[in-house]
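Step one of this worksheet: look at the structure below.
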């Protein structure tokens, strides 16, 4: 779990982190989204680290029906709430987290390739 960002925007206190790049679950970094709105309206809103636990539960629910497809390599990956999920040769699930960067005290999604292209 990233310790640099707790999932809550605190622009005043996090302004000194501007420019720092880190990775986290898309569920934490993207405050909007139909699924997130629906879950937050039907369940008590999770705060801080509990958001990551909820995202893992959502991914478990979405991943289960796709396990055979991942095992047989019919699909290569699944876009989950905790990241891009893949299955290794020894059938372990791995996830790639979303990069983010602090800008003006806020954590915003970050694409390193686009940043390198503009330099």
The condition from (1) surrounded by fewer than 11 Cβ atoms within 10 Å (Cβ to Cβ); (2) at pLDDT 95 or above that residue 114 misses is numbered (2)
If you take the residues in the range 32-44 that are exposed (fewer than 11 other Cβ atoms within 10 Å of the Cβ) and under 22 Å from residue 10 (Cα atoms), which one is modelled with the lowest pLDDT? 32
Evaluate the following for residue 89: is it more than 15 Å from the chain's Cα centre (by Cα) and within 19 Å of residue 4 (Cβ to Cβ)? no
Take the residues in the range 53-79 that are within 13 Å of the chain's Cα centre (by Cα) and not in a helix (DSSP H, G or I); name whichever of them is surrounded by the most Cβ atoms within 10 Å (Cβ to Cβ). 78
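The values are calculated or read from the model by the stated rules, or taken from the named source; none is laboratory data. From a predicted model like this one, the values you see are computed outputs, not experimental measurements. Counting neighbours? That spans all protein chains shown, and the Cβs are built from the backbone with ideal geometry, glycine included.
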